[in-house]
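Heads up: the structure comes next, in structure tokens.
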Amino acid sequence: MGRKKLSMEIINSHAAGIDVGSRSHYVAIGQLAQDVKEFGVYAEELTALGQWLKSNDITTVAMESTGDYWQNLFAELIRQGLEVVLVNGKFTKHAKGKKTDVKDCRWIQQLHTLGLLSGSFLPDETTEQLRTYCRQRGNWIDQAASTTHKMQKYLKFLNFRLDVVVKDVCGLTGLAIIGDICKGNLDPFELAKHRHYNCKKSTEEIAKALHGNNREDYLFGLKQEHDTYLFLQKKIQECDKQIEKFIKQELKKSPAKTALKTTEKPHKRINKNAPQIKNLNQVAYQYFEGVDLLTIEG
């Protein structure tokens, strides 16, 4: 029996496919050899890529979301008025035979022409900017957590069992004691006087846990990690201020949002990693156009 062919309806007749790379982008506007062209990643080359597509009457483009390399090209093609579909790479990796950049871009173009590719979710520009600030803040928090673990390690090496007598070594009592140790005060009874009134352990119990071996190398390591922790906390505070400033600027653009008011929430203990934004309950309610996300438990 001869090989059978299955014809499919063309959905996007003026479609292109782009295989995104770190140093160059391969673009296909058809399935012939002359329909494939390679472009660099510099700004002028991205502009030339868009102009080449428009000169060939291309109206819609599909590209795979490879790492972060797609973002500048995506923005440039949108600026030039092209419809761009950003596709997850796992949906474009089924071409048979040896994988090449030319084959990839042709395969993407073919799938997009037949309407078989669905785009990934992309937030609007405002949400994207807010996400950048929040992700940067999250990175600093992760680094601060790592630094906290290192401080705990050095405290144990020094035989300062602060972790036994306080709930959080980076709480009010713990940080005050660590800060004093880093300044050279190694007297257990003097250090114990930093006890916060909310601490469950007595001053005597805390002093008992602070008889250390005072090794200089461990003290040096502890001081370094303590300095790093304070630096990271400063960076987190800067992110909080930027997030608050950005949200307030967005709210000013819509008087209808600023008029929204929600009910006051019962006071709860605030997590130390929570954003330090004034009146966050009202700000969040206004930003999300009357949806009160803070009523959700947790």
### Query
What's the local net charge at Leu158, with K and R +1, D and E -1, over the other residues with C-beta under 11 Å away?
+2
### Task
Could you sort out which of Lys201/Lys241; Lys235/Lys257; Lys241/Lys265; Lys167/Lys223 sit more than 32 Å apart by Cα distance in this structure?
Lys201/Lys241
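Could you compute how fast the range 109-243 diffuses translationally, taking Rh as the Kirkwood radius over C-alpha pairs and applying Stokes-Einstein at 25 °C with viscosity 0.890 mPa s? Give it in µm² per second.
Estimated diffusion coefficient is 141 µm²/s.
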### Query
Tally Lys/Arg at +1 and Asp/Glu at -1 over every other residue whose Cβ is under 14 Å from the Cβ of Val36; what's the total?
-2
### Summary
One computes Rg over Rh for the chain from alpha-carbon atoms, with the Kirkwood Rh, and obtains 1.18
### Task
Could you let me know the centre-to-centre spacing of the range 217-285 and the range 153-193, using Cα atoms, in angstrom?
27 Å
### Message
Using just the Cα positions, wrap the range 61-142 in a convex hull and report its mean projected area in square nanometres, one decimal place.
### Response
7.0 nm²
### Query
In a shell of Cβ-Cβ distance under 13 Å around Thr47, excluding Thr47 itself, what net charge do Lys and Arg (+1) and Asp and Glu (-1) give?
-1
#### Entry: Histogram of C-alpha separations across the range 1-148, 5 Å bin width, %
2, 9, 17, 20, 17, 11, 8, 6, 5, 3, 1, 1, 0, 0, 0
### Query
Where does helix 125-157 land angle-wise versus the long Cα axis of the chain, in degrees 0 to 90, nearest 10?
40 degrees
## Note on the structure
Taking a straight Cα-to-Cα line shorter than 16 Å from Lys93, and setting aside same-chain aspartates and glutamates fewer than 8 residues away, one finds Asp19, Glu64, Asp101, Asp104
### Summary
The value for the range 204-276 (convex hull of the alpha-carbon atoms, volume per residue, Å³) is 109 Å³
### Query
From the backbone phi of the range 239-244, what are the Karplus-calculated ³J(HN,Hα) couplings (6.51 cos²θ - 1.76 cosθ + 1.60, θ = phi - 60°) in whole Hz, Gly and Pro given as x?
5, 4, 5, 5, 5, 5
### Query
Considering only protein heavy atoms, what per residue accessible area in square angstrom results for the chain with a 1.4 angstrom probe?
64 Å²
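In cubic angstrom, how much convex hull volume per residue do the alpha carbon atoms of the range 243-298 span?
Once divided by residue count, the hull of the range 243-298 is 83 Å³.
The values are calculated or read from the model by the stated rules, or taken from the named source; none is laboratory data. Since we're looking at a predicted model, the values are computed, not measured. No Cβ is skipped: glycine too gets one built from the backbone with ideal geometry, and neighbour counts run over all protein chains shown. The protein model used for the area step is the full one, side chains on, heavy atoms only, and it has no ligands, DNA or RNA in it. Shrake-Rupley method; radii C 1.70, N 1.55, O 1.52, S 1.80 Å.
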